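Step one of this worksheet: look at the structure below.
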Amino acid sequence: MIEVDKMGIMMLKKFVKYVSQNMLGMVGMSVYILADTYFISVAVGTDGITALNLVLPVYNMIFAIGAMMGVGSAIRLVIERNQEHPNADGYFFHALSWALIVGLLFMLVGIFFPDKLIALLGGDAEIVAVGKNYTRIFMSFAPFFMWNYICNAFVRNDGNPSIAMAATLFSSLFNIVFDYVLMFPLGLSMEGAALATALSPLVGILICCIHFRSEKCTVKFKPMLPSLRKILFCCQFGVAAYGVVANTSLVAVALFNGIAQGSQPLVSEAYGRDIHKDVKTYLKMAVTTAVGVSVLLVIFIYLFAPVVTAVFNGEHNRTLADYAETGLRIYFIGFLFAGINIVGTAILSAVESTKYAFAASISRGFVAIIFFAFIL
């Protein structure tokens, strides 16, 4: 009985370590988008915010692809290594290779067609003029964004959530500080914001290299020929990340993403070792944490919606405030369900239940949204 209790305490400590550090890291990553929005609203005004929001889905897509490749490939590494597969060590190189291939496509679009992209997303001539250079700069660094997510996922799954958290936090801090420096003292406006965002993943990659160069690192840079079948298979495990892409700028979603990504390495390890009792224990911990965070978020927004709205309503527009405050209170009720959904799909991916994870993620990501948009 004492041994069982000790084992439970050890699992709880490990869970708290992984989840708390990943939640902090994900919040840090989401905060810099809020900072981007705030600085651009001050420096450029409504046209700048409009341009930023129009191209944000492109950034989210880059994040989604990088996250799917990174998380999915890291899951395969953990599971296949525990099952002693000979090619397990090639997943890191394989994910980086595919990120370069896909990232180059984003680069070409950003360099040669930024104006057409913004127009396609709904921007008029004024918005195109404001956002063209911003889009060109940040899309030129698409491979680095993807590599950052991949490196972070492999460091976290290699038993070093502290470095993964530090990489995310310091890259976000770099972005926020240089947003201000480049936009105001140096007067680079939207181009400055884009440059700060574009350079921030380099900071994250360099910090991840601390782990890759350490003696504790077990991730190997083993060359593997790019395989479309293999990367699609990995993306099935990382597809749970896609469902939250549209809302990565929300700190609330980042919290649940942190719980999900913090739980995933622990669940994958237990599953790879065929210890199903531990899988169930970590699942209970993750869901309980998600429910607790959901309740706290709903209470916070219900009480402080006017304060949150006021931060982005510098013109003190009463109509905007009324809509935003009401909208926040309604929208955040959804987190009572979204938290379990986000965490649950990540755990399904971690135990190779790809069909259920895919169905849940796609339903949450756009199928249910389109359906209820028409109904409501």
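Data table
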read-out: Magnitude of the charge dipole, the chain, Cβ model with Lys/Arg +1 and Asp/Glu -1, debye to 20; value: 980
read-out: For the stretch 40-141, alpha-carbon Rg relative to the globular expectation (2.2 N^0.38 Å, N residues); value: 1.41
read-out: Label-to-label distance, nm, for residues given as THR288 and ILE375 (7 Å Cα→Cβ offset); value: 3.3
read-out: Projected area averaged over orientations for the stretch 93-154, convex hull of C-alpha atoms, nm²; value: 4.3
read-out: LEU186-GLU126 FRET efficiency (beta carbon distance; Förster radius 35 Å; 0.05 resolution); value: 0.90
read-out: Using alpha-carbon coordinates, inclination of helix 228-238 to the longest axis of the chain, degrees; value: 90
read-out: Overall dimensions of the stretch 181-242 by Cα: Rg and Dmax, Å; value: 18.1, 49
read-out: Above-threshold pairs, the threshold being 25 Å between Cα atoms, out of LYS132/LYS230; LYS216/LYS355; LYS116/LYS230; LYS13/LYS284; LYS14/LYS216; value: LYS132/LYS230; LYS216/LYS355; LYS116/LYS230
read-out: Cβ-Cβ FRET estimate between ALA310 and LEU225, R0 fixed at 51 Å, reported to 0.05; value: 0.40
read-out: For the chain, calculated [θ]222 nm from helices alone, where every DSSP H run of n ≥ 4 adds -39500 (n - 2.57); value: -28000 deg cm²/dmol
read-out: In Å², nearest 10: area of HIS211 left accessible to a 1.4 Å probe; value: 0
read-out: Per the chain, cysteines lacking a partner by the 4.7 Å Cβ criterion; value: CYS209, CYS217, CYS234, CYS235
read-out: Nearest 10 degrees, 0 to 90: helix 276-311 Cα axis against the chain principal axis; value: 20
read-out: Relative contact order computed over the stretch 59-129 (Cα-Cα under 8 Å; 6+ residues apart), in percent; value: 23
read-out: Nearest 10 degrees, 0 to 90: helix 91-112 Cα axis against the chain principal axis; value: 10
read-out: Shape of the stretch 80-228, Cα gyration tensor, a/c cut at 1.5; value: oblate
read-out: Contact order relative to length of the chain, as percent, for alpha carbon pairs under 8 angstrom and 6 or more apart; value: 25
read-out: Surface accessible to a 1.4 Å probe, per residue, for the residues of the chain, Å²; value: 48
read-out: Equivalent-ellipsoid semi-axes of the chain, from the Cα gyration tensor, Å, largest first; value: 34, 25, 19
read-out: Within straight-line cross-link reach of LYS277, aspartates and glutamates at Cα separation under 17 Å, skipping those fewer than 8 residues along the same chain; value: GLU3, ASP5, GLU269, GLU352
read-out: Percent accessible area from carbon and sulfur atoms, the chain, protein chains only, probe 1.4 Å; value: 71
read-out: The stretch 41-200: relative contact order as a whole-number percent, Cα under 8 Å and 6+ apart; value: 29
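The values are calculated or read from the model by the stated rules, or taken from the named source; none is laboratory data. All of these numbers come straight from a predicted model, not from anything done at the bench. Using ideal geometry, Cβ is built from the backbone for each residue, glycine included, and neighbour counts are taken over all protein chains shown. In case anyone asks, the SASA skips ligands and DNA or RNA and just uses the protein heavy atoms, side chains included. Shrake-Rupley method; radii C 1.70, N 1.55, O 1.52, S 1.80 Å.
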